[in-house]
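Q: Sending over a structure as structure tokens; questions will come in a sec.
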Amino acid sequence: MHFAMSDKPESVFLLTGLAKEERNLAITLAVHGLFMFVSWGVLFPGGIISARFLKHANDHLWFKLHQYLQYSGLGITFVAIIVAGAGLGGFDFSSSHVKFGIVAILLSLSQPINGYFRPKKPETGETGSNKRVIWECAHAMIGRVSLLFGIVGLFTGLKHFGEVHDSEIVERLTWGLVLWILISLSYVLYLEFKELRRRRRERNFSEANWELGELDDAELVDLLEADERL
């Protein structure tokens, strides 16, 4: 077998190949970021909100919704990790983005585990055991802390995305994420306000029932008749 060597210079399109590689990397990071936003910007917060504000509406609905949103968030998170790992060929564990992401994922993974071992729920009208109260506080706190790390991970991810993409687009995405968080926080504050009003009404109603319970039948009839005349 013979090889012929040419003295003519050959053009190698290194710039074209580099540009294509950068485009592929940008697409990989964009898909990864989109999946992570769906998980940590929509599904996980939605699961926390359902557990916080829907318990009084339907005891079974809020729990199913909470589980569905949290497990969906975990599933999409792992899809996002696979996308990034396959596209980048591995992870840089010295990166702040990866560190925040690892903490957020480990905390979120601990939630279904400690949920499996949760103490028995008290019956209606009963006071929960100390173990149940401690578990509820710990479960809620871990969920909120993991969400905080996840949101920080979104911002650090946008920073890394800016290193391989147009910085102007990344700046718009960052401000869009800030706006989304502010809108979400405003909505949560609104729900908290409604929850406080609901609890106040229930407390006033309970106190009124207790006071009426001290009246005898004749006094109760007189009170109701007076109320009807008003």
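Bear in mind these aren't lab numbers, they're just calculated from the coordinates by the rules spelled out. Because the structure is predicted, anything quoted here is derived from the model rather than measured.
Q: Give me the extension gain from Ser96 to Ile169: residue separation times 0.36 nm, minus the current Cα-Cα distance, reported in nm with one decimal. Walk me through the numbers before you get to the answer.
A: Numbers: separation 73, 0.36 × 73 = 26.28 nm, distance 2.14 nm.
Once the chain is fully extended between Ser96 and Ile169, it gains 24.1 nm.
Q: Another question, if that's okay. Could you give me the ³J(HN,Hα) list for segment 61-68, computed from phi with Karplus coefficients 6.51, -1.76, 1.60 and θ = phi - 60°, whole Hz, x at Gly and Pro?
A: With coefficients 6.51, -1.76 and 1.60, one gets 5, 4, 5, 5, 5, 4, 5, 4 Hz.
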